[in-house]
Every structure is written in C-alpha cells, then in structure tokens.
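Input: a single structure, listed below in structure tokens.
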C-alpha cells in the first residue's frame, strides 16, 4: 500500500478512536496526522533503544512488556504534542493495541495485493537441457 495512503488512514483511525474512547482527545484531523507523524518518529528512534534496554524483562514476560513500551511511546507523544491528550496509561495501552490491529490489517491487505500481483505476473519457464539465446530469451 502506498505510504501516504497508509499514513492518512492511520491518521483517520487515530481521529476516529479519539471520538470513540473518552480517555483520548485529539483536537482535529490535522492533529491526528501530526500524532501519527511524531509516533512514527518516536517508534523509529526511541523505541529500539528501549527494546534493547528492556530485553531481559521482555524475555521473562514472553514479549508482553512490549505492550508497556508501546503505551509509553504513546504517552511520550502525548507529552510532546499539545493537541493530543491521553488520560492515563491504560488508555494509551488501548490506543496502541487498536493502532497495532489497524496497522496489521493494512499490512495484510498490502501483502495480499502484492502476492496476487506476483501470481498473475508473467512467469517464464526454461528447460534445462536446451540452450537459450541470451539476447532474445528464446530456445536455440
């Protein structure tokens, strides 16, 4: 899926989830897009460091501590942006789970489309025992 379309859909999801849940407040759709942008930057630069630092507890909890890290990333974005407010950690955790599910659905649709295009694409079969002209791709 095109990155811009995915960005806009996730921004719409953040805005819709803020309308659905009382503990999450976004001042408008542009603020929701800004939330998605800052969250992607935080997930790119800060989250890997935290995952590395908390690797022992992540292993002990079988990866469930990653949910805590995701909620913390949303609270960090809440602290950074004035137009975005999350009431507490549990709302941040719920938002991160919902966004993860939406992101998974979008990735699944994109992968399904790529797999369909690969199946429908032109496939060339070559025989091993016959020489092929490298210029034309035809058998000699």
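The values are calculated or read from the model by the stated rules, or taken from the named source; none is laboratory data. Everything numeric here is computed off the predicted structure, so don't read it as measured data. Cβ sites come from the backbone with ideal geometry, for glycine too, and all protein chains shown count toward neighbours.
Odds and ends about this structure:
- Considering 59, 36, the condition of being under 25 Å from residue 4 (Cβ atoms) and at pLDDT 95 or above is satisfied by 36 alone.
- A Cβ distance below 6 Å, combined with a sequence gap of six or more or placement on separate chains, defines the contacts here; from the stretch 85-103, residues that are part of a loop (DSSP other than H, G, I, E, B) reach residues that are modelled with pLDDT of 95 or more and surrounded by 13 or more Cβ atoms within 10 Å (Cβ to Cβ) in the pairs 87/23.
- Search result, residues across the stretch 1-39 that are more than 15 Å from residue 92 (Cα to Cα), touching a strand residue (DSSP E or B) at 6+ places or on another chain (Cβ under 8 Å) and part of a helix (DSSP H, G or I): 31, 34
- When the stretch 64-84 is filtered for residues that are outside any loop (DSSP other than H, G, I, E, B) and touching a residue at least 40 places away in the same chain (Cβ under 8 Å), the ones remaining, listed by number, are 77, 80, 84.
- Sole residue being farther than 23 Å from residue 34 by Cβ and either at pLDDT 95 or above or in contact with a strand residue (DSSP E or B) (Cβ under 8 Å, 6 or more places away or on another chain) (or both), chosen from 86, 77, 68: 68
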